[in-house]
Amino acid sequence: MDSKKRLMFILEDDYYYITLKVLAILKALDCEIKPFEDYKKLGIIFEFIKDQANILFLEKLITRPQLDIFDNERIINISCNAKMNTAVIKRVLFFLEKQNMISMKKSLKGDFIEVFLLKTPQLNELISENVLNDDLTRIASVKSYIPRIRTLKISTLRKKIFGASEVASWED
């Protein structure tokens, strides 16, 4: 039975894996100082920091060279996965809030939830043990391509990344 469970295990669906990615995103974007605006953007960022190939694809999307049909298919997959991840990420955020690792509140500026990263011994331990290093590096790359990612509206972020593709028109 254990071997069957291991075969069916998908790392990207593991809550521990997702929790580490979310904490890394919030840490890399200095969310202990200023809030992360609109938690729904975390799903998009999460998709791009999964591996280095996605970072390179993000660079291609931002610089807008000629995209081929396979790139359009990849854009659709990333967008759909980001949408599906949002529900799981929301659950992770509620868990982290109960653990007093983050705080969330409704924004006074708009109709979205702000996320603050709280300084905790658990987070300090993850940082000191270098658990988040690879993710922090990838997030720094994403931040270099999209400098204001922490404060951008989700519609602006989608337009900046996905451009005028089918994904952008689905969201309207």
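We did not get these values from a lab; they are worked out from the coordinates using the rules stated. Because the structure is predicted, anything quoted here is derived from the model rather than measured. Here the Cβ positions follow ideal geometry from the backbone for every residue, glycine too, while neighbour counts run over all protein chains shown.
Key figures
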quantity	calculated
Residues of type lysines that LYS60 reaches as a straight line, Cα spacing below 17 Å, ignoring anything fewer than 8 places off in the same chain	LYS50, LYS143, LYS159, LYS160
Computed magnitude of the charge dipole of region 51-172 (debye, nearest 20; Cβ of K, R +1, Cβ of D, E -1)	600
Within a Gaussian network of the chain (alpha carbon springs, distance under 10 Å), most fluctuating of ASP51, ASP14, ASP134	ASP14
